[in-house]
Amino acid sequence: MRNNYGSSNFLSDAFENIRLNKLLSTATVFIFVACFIVTTSFSMLILNINRLVDEIANNNEIVLFLDDDSEETLDNINEIIASNSFIDRNNCQYITADEGLKNLIEALGPEYSQLYDEFKNDNPIRASYEIKLNDISYTDDIALLFRNIDGVGEVRTQQIRIDEFINIKNVISLLSLWLIIILIIVSIFIISNTIKMTIYARKTEINIMKFVGATDAFIRIPYIIEGIILGLIASVVAFFAQWLIYETLILNGLSKLAVFTPYDFAYFAPAMIILYVIAAVLFGVFGSLLPMRKYLNV
Amino acid sequence: MIEFCNVEKQYSTGVLALYDINLKIKDGEFVFIVGASGAGKSTLIKLLMCEEHPTSGKIVIDGIDLSQLRHKDIPIYRRQLGIVFQDFRLLPNKTVFENVAFAMRVTGKSNKEIRQKVPKLLNMVDLAHRAKNYPNQLSGGEMQRVALARALANNPKVIIADEPTGNIDPSLSHEIMSLLAGISKRGNITVIVVTHEKELVDKFNKRVVYISDGTVAADHEGGYSDAQ
């Protein structure tokens with residue numbers, strides 16, 4: 001621009017505009033914040049639910065209870081472990097009947113320690129073998145291999161049908177992805193309408209600028225800067241509000257779901273900061289440019 | 001020099017607003033454009049401001065053919081015009097000083113130039129004492145004088161005033177028109193005034209272009225009634 005109008009002037013103009021249009025600026029920030037928080041809270045909830053589902057689904061253990069813990073039975077079991085690539089052979093563990101008894105008594109608490117002496121010669125606990133799998137989708141097939149070995153009394157897999165569980169997880173992931181996309185679209189719609197309203201409120205100003213010979217770029221720059229400033233203010237507010245909401249509401253709710261470790265807020269923070277800043281800048285630029293075209297075209 | 005050659009304007013709605021317009025306005029000339037509502041006066045002004053473009057014919061101002069202007073050149077062209085509207089179009093949240101300064105800021109004038117020039121302009125329209133007031137603290141006549149100071153801010157070659165006295169007290173209309181006539185005479189600025197006010201036109205005894213049904217029905221020196 002053939003112009004002495006420096007960037008500091010544009011910046012101070014933008015701040016001045018925000019001050020003069022306090023009400024609308026505040027409303028815009030609140031709408032930004034609301035959209036950010038709804039979308040982020042939902043995404044956080046979904047990510048945690050996915051994690052919970054993963055934790056349950058990845059409980060990839062088969063336990064074999066041995067009626068006969070002879071060398072032969074163990075050899076047969078070890079042979080399968082060594083040759084099957086779906087089994088995580090480094091994490092399989094043989095637990096003798098004696099160890100099993102000790103583990104049980106230990107779990108009951110110190111006051112029951114005398115039970116060991118009582119039962120060690122007449123142990124009701126069978127020897128067991130914990131088999132870890134690399135891929136839970138083959139659980140049933142592998143369980144069958146072990147069931148066919150003489151001396152293996154019982155093969156215990158998870159109570160839930162694993163294939164159904166994988167399906168549920170896929171459905172949840174897909175649904176949540178769509179819901180997040182819909183929320184983002186709704187947010188874009190609401191925010192761009194808010195910006196449209198702020199620009200409509202200032203159409204006289206834009207009109208006057210046009211008639212005193214302001215170039216389109218000169219008119220747009222303060223609005224773009226203003227949009228970015230409002231977006232960034234909203235990002236900061238939304239970030240801290242989200243933190244509070246996550247720590248108090250979401251974590252509280254999730255912690256009621258039995259044995260499950262939800263993500264820390266810190267897990268989301270870096271991605272949130274990056275996405276919020278990108279969203280603020282994009283809304284600032286495009287949110288201001290698109291609705292303004294109508295008024296510039298005179 | 002402003003020249004209209006066989007200008008015709010038909011809106012996309014099919015309304016033929018102007019046709020067969022041939023006009024020459026010399027530098028420094030003062031011209032009243034009169035006519036009934038809907039006669040085409042506003043369209044004529046819009047064509048001059050490049051807000052609308054002729055369907056055929058051409059408009060040449062100081063050698064610039066307006067139809068050849070690219071969209072990005074229009075703002076630069078408009079800086080040669082000073083425009084005064086019936087509804088003043090002042091920014092309500094800026095002071096009188098800032099309203100005038102605004103026109104200069106928009107065209108990239110330095111703060112130093114602005115500080116020097118705005119007081120002079122306000123003096124000229126006798127509003128130096130109102131510099132710190134806001135538009136809602138002024139009378140209609142005062143607001144129009146601020147608009148006039150703003151129109152002069154960028155040293156225009158042409159001032160276009162669209163019903164400049166339409167919204168102000170009749171007793172003050174004469175004052176505004178005298179200011180415009182004075183500006184034209186002293187600054188060798190072309191002034192084009194669109195108005196309804198017969199008495200005023202008669203009093204000033206300037207060139208009158210009478211537009212009727214979309215074309216120039218009469219064009220000569222003298223009063224409103226002569227033109228009709």
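The values are calculated or read from the model by the stated rules, or taken from the named source; none is laboratory data. As the structure is a computational prediction, the values presented were derived from the model and not from experiment. Please note: Cβ atoms are built from the backbone with ideal geometry, for glycine as well, and neighbour counts cover all protein chains shown. We work out accessible area using only protein heavy atoms, side chains counted, and drop any ligands, DNA or RNA first. Shrake-Rupley method; radii C 1.70, N 1.55, O 1.52, S 1.80 Å.
To the nearest 10, the accessible area of A:S255 is 70 Å² with a 1.4 Å probe.
Report the B-A buried area as the accessible area lost on both sides summed, probe 1.4 Å, in Å² to the nearest 100. Interface area, both chains combined: 2000 Å², rounded to the nearest 100. When chain A is treated as a Gaussian network with alpha carbon springs shorter than 10 Å, the biggest mean-square fluctuation among A:N17, A:N123, A:N134 belongs to A:N123. At an R0 of 51 angstrom, the distance between the Cβ atoms of A:N103 and A:L282 translates into a FRET efficiency of 0.35. Annotation: Cα Rg of chain A relative to the compact-globule expectation 2.2 N^0.38 Å equals 1.65.
Volume per residue for the stretch A:112-211 equals 220 cubic angstrom (convex hull of Cα atoms).
Please find the FRET efficiency linking A:A201 to A:S83, where r is the Cβ-Cβ separation and R0 is fixed at 60 Å, and quote it to the nearest 0.05. Efficiency computed from Cβ-Cβ geometry: 0.20. Based on the Kirkwood approach, the hydrodynamic radius assigned to the protein assembly as shown is 30.2 Å, with every pair of different Cα atoms included. Farthest toward the positive end of the dipole of the protein assembly as shown, out of A:P291, B:V208, A:T198, is the Cα of B:V208, where the dipole comes from beta carbon charges about the Cα centre. Between A:K22 and A:I172, the C-beta separation translates, for a Förster distance of 51 Å, into a calculated FRET efficiency of about 0.70. When only Cα pairs below 8 angstrom with a gap of at least 6 residues are kept, the stretch A:61-157 shows a relative contact order of 54 percent. Once you order the gyration tensor axes a ≥ b ≥ c over the Cα atoms, which shape class does the stretch A:222-298 get: rounded for a/c under 1.5, otherwise prolate or oblate by comparing a/b with b/c? Taking the square roots of the gyration eigenvalues as a ≥ b ≥ c, the stretch A:222-298 is prolate. Over 29 Å apart at the Cα level, from the set A:K210/B:K94; B:K109/B:K198; B:K46/B:K198; B:K46/B:K185; A:K210/B:K58, are B:K109/B:K198. Could you give the angle, 0 to 90 degrees to the nearest 10, between helix A:162-201's Cα long axis and the longest principal axis of the Cα atoms of chain A? Helix A:162-201 sits at roughly 10 degrees to that axis. For the stretch A:271-277, 3J(HN,Hα) computed residue by residue from phi via the Karplus equation (6.51, -1.76, 1.60; θ = phi - 60°) reads 5, 4, 4, 4, 5, 5, 5 Hz, glycine and proline entered as x.
With a/c under 1.5 counting as rounded, go ahead and sort the stretch A:61-157 into rounded, prolate or oblate using the C-alpha gyration tensor (a ≥ b ≥ c being the square roots of the eigenvalues; past the cut-off, prolate if a/b is larger than b/c, else oblate). Because a/c hits 1.5 or more and a/b exceeds b/c, the stretch A:61-157 counts as prolate. Largest accessible area first, the listed residues A:I172, B:I74 line up as A:I172, B:I74 when surface is computed with a 1.4 Å probe on the assembled protein chains. Using heavy atoms of the protein chains and a probe of 1.4 Å, the accessible area assigned to A:E99 is about 80 Å². If you take the square roots of the eigenvalues of the alpha-carbon gyration tensor of the stretch B:116-208 and sort them as a ≥ b ≥ c, do you get rounded (a/c under 1.5), prolate (a/b over b/c) or oblate? Since a/c reaches 1.5 but b/c is at least a/b, the shape of the stretch B:116-208 is classed as oblate. Note on B:K203: aspartates and glutamates with a C-alpha under 16 Å away, same-chain residues under 8 apart excluded, are B:E175, B:E221, B:D226. Rounded to whole numbers, the Karplus 3J(HN,Hα) couplings from phi for the stretch A:213-225 are x, 6, 6, 4, 4, 4, 6, 6, 3, x, 5, 5, 4 Hz, using 6.51 cos²θ - 1.76 cosθ + 1.60 with θ = phi - 60°, and x at Gly and Pro. When all protein chains stay in place and ligands, DNA and RNA are ignored, the 1.4 Å accessible-area order of A:M209, A:M197, largest first, is A:M197, A:M209. Computed extension length for A:D264-A:L290: 5.5 nm, one decimal, from 0.36 nm per residue of separation with the Cα-Cα distance subtracted. Going from the chain on its own to the full set of protein chains, the stretch A:193-214 has these residues losing 50 Å² or more of accessible surface (heavy atoms, 1.4 Å probe, no ligands, DNA or RNA): A:I208, A:F211, A:V212, A:G213.
Label reach from A:I188 (point 7 Å along Cα→C-beta): in the stretch A:263-298, amide nitrogens under 15 Å belong to A:278-291. Other residues lying with their Cβ under 10 Å from the Cβ of B:L172 contribute a combined charge of -2, Lys and Arg counting +1, Asp and Glu -1.
With one equal scatterer per alpha carbon and no solvent term, the Debye-computed log10 I(q)/I(0) for the stretch B:155-228 at 0.23, 0.24, 0.27 1/Å reads -1.15, -1.22, -1.37. The convex hull defined by the C-alpha atoms of the stretch B:7-109 has an orientation-averaged projected area of 8.6 nm². Across peptide B:98-108, the mean count of Cβ atoms from other chains lying within 10 Å of each residue's own Cβ comes to 5. What are the trypsin sites (Lys or Arg not before Pro) within the stretch B:1-109 that DSSP puts in a loop, where the Cβ has at most 15 other Cβ atoms within 10 Å? Sparse-neighbourhood loop trypsin sites (Lys or Arg not before Pro): B:K26, B:R70.
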